[in-house]
Amino acid sequence: MGKEKFGTFIKNSRMKKNYTQKQLADKLFIDVTAVSKWERGITYPDITLVPEICKVLDLNEHELIQSSNDTEYRKKMREAEKYTKIKNTIFCTATLLYLTAIVTCFIVNISVNHTLSWFWIVLTSCLTAFTFIPTCTRFFTKYKFFMFVCSTFISLFILFLTCSIYTKGNWCLVATFGTLLGYFTIFYPIIFNKMKMYLLDNKYNKIKKYFMLTYSLGLLVLTLLLLFVINGFYGISMMGSAVIITICSYGLLFSYAIIELFNLNRFIKLGIDGLITCIELIGLRNVIEKLFDNTADYRIDFSDWTNHTNGNVHCIIFLLLIFISLIFLIIGYIKTKRKS
């Protein structure tokens, strides 16, 4: 960057702001002769003055150093300001609408019923709606998605509690644990993946292989808790059978999770997963037959599909899974040999 180019840029920037050399010097708390020397290409400003010059002349440091306007940067800044204004407008508008609804319902409930009754449902409903749109994440600088999940779940729990008290029902915990199971199913993979943003790559890679195991364990625990809560409030005639079927059903996920812990070729893992699926399907079928005295006919006879539909279909599925699994195992073995 030449001194003359720099001086011309400083002069043009000053004139765009309609400052005289004296006014610019006063704003920077320096002598006017220093500004004159910059613009005539005699000297550069002191490095400590760069931030203040950028602030006074509405420039960024890259523009000042390069002595040219960064149009792309300014475009991004304008778009960022526009986005911020839109976001603030949505937040303020939604908040105002929620407050209007709350105040209106408060007045109506007091006027009509002379007490606060259904108003609490309106209040908690608005609170829940607020946590979803426009959300509470604007109050946090880090872990925004995690805070969104927590705030929405807590608001839903408060809404369930308020509604169950108003209706004199005992379904609050059932709804809460059902919602918790749904939240974990949907949001845990996203939160786990976002941990990469806050961890070093080597640390994330170490815990990444435990994702399936922790996910399966969380689903199993929450499903069992939901069953026990339902049984505690409403009673399940075959609670033991429900627990056994739940554990057997999640056994397939646990099998996949354990395979993921081993350092094997991806195709070999898929092949083993396929074989495990065959075993699990047969085992689950036998468990269900014994628990519910199901005597379905699983005999195989491809010449008589009318009386042997169950057996024929299961046989085809079983053979197809075996065939696909063997193909994956062979491909994985070949790839491992070539790599070694």
Rough spin-label spacing in nm, given labels placed 7 Å along Cα→Cβ, for Asn18 and Leu264: 7.6
Each label point is 7 Å from the Cα along the Cα-to-Cβ direction; what then is the distance between the points at Asn60 and Thr43, in nm? 3.0
Trypsin sites (Lys or Arg not before Pro) within segment 1-61: DSSP coil, no more than 14 neighbouring Cβ in 10 Å: Lys17, Arg40
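Can you tell me how much longer the chain between Val103 and Arg338 gets when fully stretched, taken as 0.36 nm per residue apart minus their C-alpha distance, in nm with one decimal? Provide the component values of the computation, followed by the final result.
Details: separation 235, 0.36 × 235 = 84.60 nm, distance 7.22 nm.
Roughly 77.4 nm would be gained on extension.
Please compute the Kirkwood hydrodynamic radius over segment 116-272, one decimal place, Å, based on all pairs of different Cα atoms.
Details: mean 1/r = 0.0544 Å⁻¹.
This gives a value of 18.4 Å.
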In segment 244-305, chymotrypsin sites (Phe, Trp or Tyr not before Pro) in a DSSP loop with at most 15 other beta-carbon atoms within 10 Å: Phe262, Phe302, Trp305
How many nm is it between the label spots at Lys5 and Met238, if each spot is 7 Å from the Cα in line with the beta carbon? 8.3
Links exceeding 28 Å between C-alpha atoms in this model, out of Lys203/Lys339; Lys55/Lys194; Lys11/Lys85; Lys208/Lys269, come to Lys55/Lys194; Lys11/Lys85
Take each uninterrupted DSSP H stretch in the chain, measure its Cα extent along the helix axis, and return the ones at 15 Å or beyond whose mean Kyte-Doolittle hydropathy is at least -0.5. 71-113, 119-130, 144-167, 172-194, 211-233, 239-260, 266-292, 309-339
Where does the Debye-calculated log10 I(q)/I(0) of segment 195-235 sit at q = 0.14, 0.24, 0.27, 0.32 Å⁻¹, using only Cα point scatterers of equal weight, no solvent? -0.49, -0.77, -0.85, -0.95
Phi-based couplings in Hz for segment 133-138 (Karplus 6.51, -1.76, 1.60; Gly and Pro marked x): 9, x, 6, 9, 5, 5
Could you tell me the distance between the Cα centroids of segment 108-157 and segment 1-57, to the nearest Å? 53
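Given the Cα-Cα distance of Asn202 and Val32 and 0.36 nm per residue of separation, how much length would full extension add, in nm? Present the calculation step by step, with values, prior to reporting the outcome.
Details: separation 170, 0.36 × 170 = 61.20 nm, distance 5.57 nm.
Difference between extended and current length: 55.6 nm.
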Cα pair distances exceeding 33 angstrom across the chain, given as percent: 62
Log10 I(q)/I(0) at q = 0.12, 0.17 Å⁻¹ for segment 3-69, from Debye over equal alpha-carbon scatterers, is -0.23, -0.49
Quick one: order Met238, Met212 by neighbouring beta-carbon count within 10 Å, fewest to most. Met238, Met212
With the contact rule set at Cα under 8 Å and sequence spacing of 6 or more, what percent relative contact order holds for the chain? 9
Just rank Asp26, Asp201, fewest to most, by other beta-carbon atoms within 10 angstrom. Asp201, Asp26
So, relative contact order of segment 3-69 in percent, Cα under 8 Å, 6 or more apart, is 38
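No value in this document is a laboratory result; all are computed from the given coordinates. Predicted model, so just to flag it, every value in this text is computed and none were measured. Cβ coordinates were reconstructed from backbone atoms using ideal geometry, including for glycine residues, and neighbour counts include every protein chain displayed.
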